[in-house]
1. Out of the residues in segment 69-99 that are buried (at least 22 other Cβ atoms within 10 Å of the Cβ) and within 22 Å of the chain's Cα centre (by Cα), state the one that is farthest from Thr138 (Cα to Cα).
2. Can you tell me how many residues in segment 201-218 are on the phi > 0 side of the Ramachandran plot and either in contact (Cβ under 8 Å) with a residue 24 or more places away in the chain or touching an Asp or Glu at 6+ places or on another chain (Cβ under 6 Å) (or both)?
3. Modelled with pLDDT of 95 or more, surrounded by 24 or more Cβ atoms within 10 Å (Cβ to Cβ) and touching a helix residue (DSSP H, G or I) at 6+ places or on another chain (Cβ under 6 Å): which single residue out of Ile110, Ile124 fits that description?
4. Any residue that is acidic (Asp, Glu), under 30 Å from Ala378 (Cβ atoms) and either assigned to a helix (DSSP H, G or I) or under 22 Å from the mean Cα position of the chain (by Cα) (or both) - is there at least one of those in segment 316-333?
5. Residues that are modelled with pLDDT of 95 or more, surrounded by fewer than 22 Cβ atoms within 10 Å (Cβ to Cβ) and either part of a strand (DSSP E or B) or touching a Lys or Arg at 6+ places or on another chain (Cβ under 7 Å) (or both): does segment 129-149 have at least one?
6. Applying the selection to segment 47-91, what residues are touching a residue at least 40 places away in the same chain (Cβ under 8 Å) and part of a strand (DSSP E or B)?
7. Against the definition (assigned to a loop (DSSP other than H, G, I, E, B), of a type in the set (Val, Ile, Thr) and under 22 Å from Asp386 (Cβ atoms)), how does Val254 come out, yes or no?
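The values are calculated or read from the model by the stated rules, or taken from the named source; none is laboratory data. Note that the coordinates shown come from a computational prediction; the quantities given were computed from them, not determined experimentally. Every residue, glycine as well, gets a Cβ built from its backbone with ideal geometry; the counts of neighbours run over all protein chains shown.
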Amino acid sequence: MFQGMASQSVTSLATGLGLTLLAIGISAGSANAACPEKPLAIGVFGPLTGPSADFGTMAMNSVKLAVADYEKQQGACKIEIKPFDSQGAAAQAPALAQRAVRDASVVAIIGPQFSGEAKAAMPILNAGGIPSVTAVATNPSLTKQGWTYFHRTSGNDANEGPADARYIVTELKAKKAAVVDNSTEYGKGISDFVRSTLKKDNVDVPVSESLDINAPDYSATVNKLKAAGVEAVYCGCYYAEAGRLLTQMRNAGVKATLVGPSGLYDHRFLATVGKKNAEGTVASTQAVAPGHFKGSDAFEAQYKAFTKSEPLPYAPETFDAANAVLKAIAAGNTDRKSINEWLSNSADFQGVSGRIKFDKDGTVPGGTTSFFVVKGGAFHFQTSFDDSNL
């Protein structure tokens, strides 16, 4: 899905596509502080390689697009992008965070991408005074740690989990459902919200357990699903373990609909399970739905032309995260502390994904959960639930 960067400038591609630069782009204006002689560095912290590299590549592409936009609009300060490749592993996050803190050129981080790595890295990044803006780390507990340098441009699992459960109830009409998770900070966290909401809605949950994220064989769980006769299976998982589970479910004759969060919404899930097995699978995301938000056509055309790839979910939110930092720099803030103060107290603009104004916990208000159903071997947008109605 991601095939590298194009050298074409944002200005020229916008002209060629008959577009104007995105309204959330940076205006150079008059800086309040002189730019340093050396470039300011923005770090991209996440799985740039490994089994979840699509998320990291999406983040890198989104940041590069935002920086290109900034530079073409005569942004005063030179910006460098530095990779911090966690491979999605929380165990690697502390060392990467320490490296970022020691690098005086790094004035902000876009990420960490995943909730587990964010939990491991943020105590170090916060102590080191590096403002961090994530779009993908959605565990709600992350904003309750007292970190003053943490910001998030997307919703969280406390909204997506209940929405997923309501989808199972209202759209699938399931009376009996199973809930499994991959034992990670992300997977178990969101699955617990599904479990509690299904219980409130009086749905029978005869199977509720955790999977080993690295295990190849889920037959013990599949046998329980078959014996229980569940109509839906919620898997708080990433695409890899969800793919193994679904393949083994179908091989065993379990016809229940598989439902999962944004970790499942990946083209590699489709490639893993095959067109027939994937049919009817449902994936949700707290990201704005492609093609279904204001300005989506312009953003997606710009993203595709610049990266030669389709924007994954959270590309708009990551683009907005980068633009928040770039706007802080354009306003004359060129060190970690002043950038963080601007993000916390002054950021207020209409981004691609919505209004970017961080509250006292570092999050943006409102949001929706979007649902995609696999039809004919591809994910197709079906509906969205407004978080305020959950």
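1. By that ranking, first place goes to Asp69.
2. Going residue by residue through segment 201-218, those that are on the phi > 0 side of the Ramachandran plot are 202.
If we keep only those that are either in contact (Cβ under 8 Å) with a residue 24 or more places away in the chain or touching an Asp or Glu at 6+ places or on another chain (Cβ under 6 Å) (or both) as well, we get none.
Residues that pass the stated criteria total 0.
3. Numbers: Ile124 fails: surrounded by 24 or more Cβ atoms within 10 Å (Cβ to Cβ).
Within the list Ile110, Ile124, the selection yields Ile110.
4. Residues of segment 316-333 that are acidic (Asp, Glu), as a first pass: 317, 320.
Narrowing the set further to residues that are under 30 Å from Ala378 (Cβ atoms) leaves 317, 320.
The next check asks that each one be either assigned to a helix (DSSP H, G or I) or under 22 Å from the mean Cα position of the chain (by Cα) (or both); those that pass are 317, 320.
Yes, segment 316-333 contains a residue that is acidic (Asp, Glu), under 30 Å from Ala378 (Cβ atoms) and either assigned to a helix (DSSP H, G or I) or under 22 Å from the mean Cα position of the chain (by Cα) (or both).
5. yes
6. Ile79, Glu80, Ile81, Lys82, Pro83, Phe84
7. Details: assigned to a loop (DSSP other than H, G, I, E, B): yes; of a type in the set (Val, Ile, Thr): yes; under 22 Å from Asp386 (Cβ atoms): no.
Spelling it out, it is not the case that Val254 is assigned to a loop (DSSP other than H, G, I, E, B), of a type in the set (Val, Ile, Thr) and under 22 Å from Asp386 (Cβ atoms).
So that you can scan it fast, the table gives a plain yes or no per residue for (1) farther than 19 Å from Ala158 by Cα; (2) free of Cβ contacts under 8 Å to residues at least 60 places away in the same chain; (3) out of contact with any Lys or Arg (no Cβ under 9 Å at 6 or more places or on another chain):
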site	(1), (2), (3)
Val325	yes, no, yes
Ala330	yes, no, yes
Arg336	yes, no, yes
Glu341	yes, yes, yes
Val352	yes, no, no
Phe358	no, no, no
Thr363	no, no, no
Gly367	no, no, yes
His380	yes, yes, yes
